[in-house]
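First the structure, in the form of structure tokens, and then the observations on it.
The values are calculated or read from the model by the stated rules, or taken from the named source; none is laboratory data. Just so it is clear, the structure is predicted and the values come from calculations on it, not from any experiment. Here the Cβ is made from the backbone with ideal geometry for all residues, glycine too, and neighbour counts use every protein chain on show.
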Amino acid sequence: MKHSLQSALLTKPVKILLVGAGGTGSRMLEKLVCLHKALKAKGHPHGFDVVVVDPDTVSPANIGRQAFYPGDVGAYKADILVTRANMALEDAVWASCVAKLDTQSNLSAYDIVIGAVDNRAARLGILRGLENTMSGLRYWMDMGNRRADGQVVLGQVSSRRKVGEDKLRLPHVGELYPELIDPAFEDSDDTPSCSLAEALEKQSLFINPTLADFAGNLLWNLFTKGEVDSNSPTKAVLVEAGVTGQHVK
């Protein structure tokens with residue numbers, strides 16, 4: 001079955017919220033810059049209007065695996081990334097927000113919310129924020145990974161007042177994999193890595209940019225072809241050789 005892009009997104013500024021500016025989020029922002037410039041070149045009248053939200057600062061362990069440099073240490077991730085994006089864009093001014101979403105957030109200002117978070121509570125915050133809107137459908141792209149595999153899931157979330165009314169919407173990650181939004185399944189080992197070497201024991205070096213590449217290509221197809229196959233390309237498992245693929249946190 002084919003899913004068609006909401007036609008309004010081809011004529012208006014596309015409001016995107018990127019939640020998370022770490023390993024995957026920092027790479028995803030690079031893809032959004034490329035997508036904005038490419039879509040404008042192909043005739044989209046406005047392109048993307050992006051806000052990046054993340055409460056964290058850059059640590060030495062982030063250098064090498066995430067899109068940061070030694071001089072960034074101590075600065076807020078969202079601020080650094082958006083400053084660089086705006087330098088590359090020239091024709092747009094994207095924004096950063098040093099904050100954390102919770103279940104009381106209202107995400108009605110956005111057309112697409114991209115989650116690049118590493119815990120179930122944050123995913124639940126995104127879902128509740130989308131459900132707290134007054135009306136309409138909004139896209140939720142979830143990106144998550146373990147050491148060497150991960151998932152990208154593109155779905156749609158209805159306002160809590162409208163749940164069940166749109167039978168043709170794309171199911172979101174919380175419906176496909178309920179355990180991914182249940183804090184009871186959270187990994188107890190959430191201590192930050194103190195070095196790049198330690199971080200690489202937890203995650204393969206290129207899993208994050210691989211996820212970002214796939215997610216960027218999914219959005220590219222959605223905006224340039226106007227549709228995607230809702231049975232396959234909206235959901236993908238990426239695996240390293242010899243590692244069995246499955247959905248992950």
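Hey, any hits in segment 214-231 for a residue that's under 25 Å from residue 14 (Cβ atoms), at pLDDT below 60 and in a loop (DSSP other than H, G, I, E, B)?
yes
In contact with a Ser or Thr (Cβ under 9 Å, 6 or more places away or on another chain), assigned to a helix (DSSP H, G or I) and either more than 28 Å from residue 204 (Cα to Cα) or modelled with pLDDT of 95 or more (or both): is that true of residue 81 in this structure?
yes
Quick check on segment 128-145. Is at least one of its residues modelled with pLDDT of 85 or more, among the acidic types (Asp, Glu), touching a Phe, Trp or Tyr at 6+ places or on another chain (Cβ under 9 Å) and farther than 17 Å from residue 24 by Cα?
Looking through segment 128-145, none of the residues is modelled with pLDDT of 85 or more, among the acidic types (Asp, Glu), touching a Phe, Trp or Tyr at 6+ places or on another chain (Cβ under 9 Å) and farther than 17 Å from residue 24 by Cα.
Regarding segment 110-126, can at least one residue be identified that is small (Gly, Ala, Ser), without any contact (Cβ under 8 Å) to a residue 12 or more places away in the chain, outside any loop (DSSP other than H, G, I, E, B) and out of contact with any His (no Cβ under 8 Å at 6 or more places or on another chain)?
Looking through segment 110-126, none of the residues is small (Gly, Ala, Ser), without any contact (Cβ under 8 Å) to a residue 12 or more places away in the chain, outside any loop (DSSP other than H, G, I, E, B) and out of contact with any His (no Cβ under 8 Å at 6 or more places or on another chain).
Would you say residue 208 is under 30 Å from residue 42 (Cα atoms), at pLDDT 80 or above, out of contact with any Ser or Thr (no Cβ under 9 Å at 6 or more places or on another chain) and surrounded by 14 or more Cβ atoms within 10 Å (Cβ to Cβ)?
Here the answer is no, as residue 208 does not meet what is asked.
Could you list all residues from segment 19-39 that are at positive phi and touching a His at 6+ places or on another chain (Cβ under 9 Å)?
Residues of segment 19-39 at positive phi: 20.
Within segment 19-39, no residue meets the criteria.
Only residues that are farther than 20 Å from residue 117 by Cβ, of a type in the set (Lys, Arg) and touching a residue at least 60 places away in the same chain (Cβ under 8 Å): list them for segment 13-48, please.
42
Being assigned to a strand (DSSP E or B) and modelled with pLDDT of 80 or more narrows it down to one residue among 170, 154; which is it? First the steps, then the outcome.
Values: 170 fails: assigned to a strand (DSSP E or B).
It is 154.
Return the residues of segment 10-39 that are over 26 Å from residue 67 (Cβ atoms) and of a type in the set (A, V, I, L, M, F, W, C); say none if nothing qualifies.
Start the filter on segment 10-39 by keeping residues that are over 26 Å from residue 67 (Cβ atoms), which leaves 10-12.
Hit for segment 10-39 is 10, nothing else.
Does segment 89-111 contain any residue that is within 23 Å of residue 58 (Cα to Cα) and in contact with a Phe, Trp or Tyr (Cβ under 6 Å, 6 or more places away or on another chain)?
yes
Within segment 51-101, take every residue that is more than 17 Å from the chain's Cα centre (by Cα) and aromatic (Phe, Trp, Tyr) and give me the one that is surrounded by the most Cβ atoms within 10 Å (Cβ to Cβ).
Top of the filtered list is 68.
Out of all the residues in segment 135-151, which are assigned to a loop (DSSP other than H, G, I, E, B) and either among the acidic types (Asp, Glu) or in contact (Cβ under 8 Å) with a residue 40 or more places away in the chain (or both)?
146, 147, 148, 149
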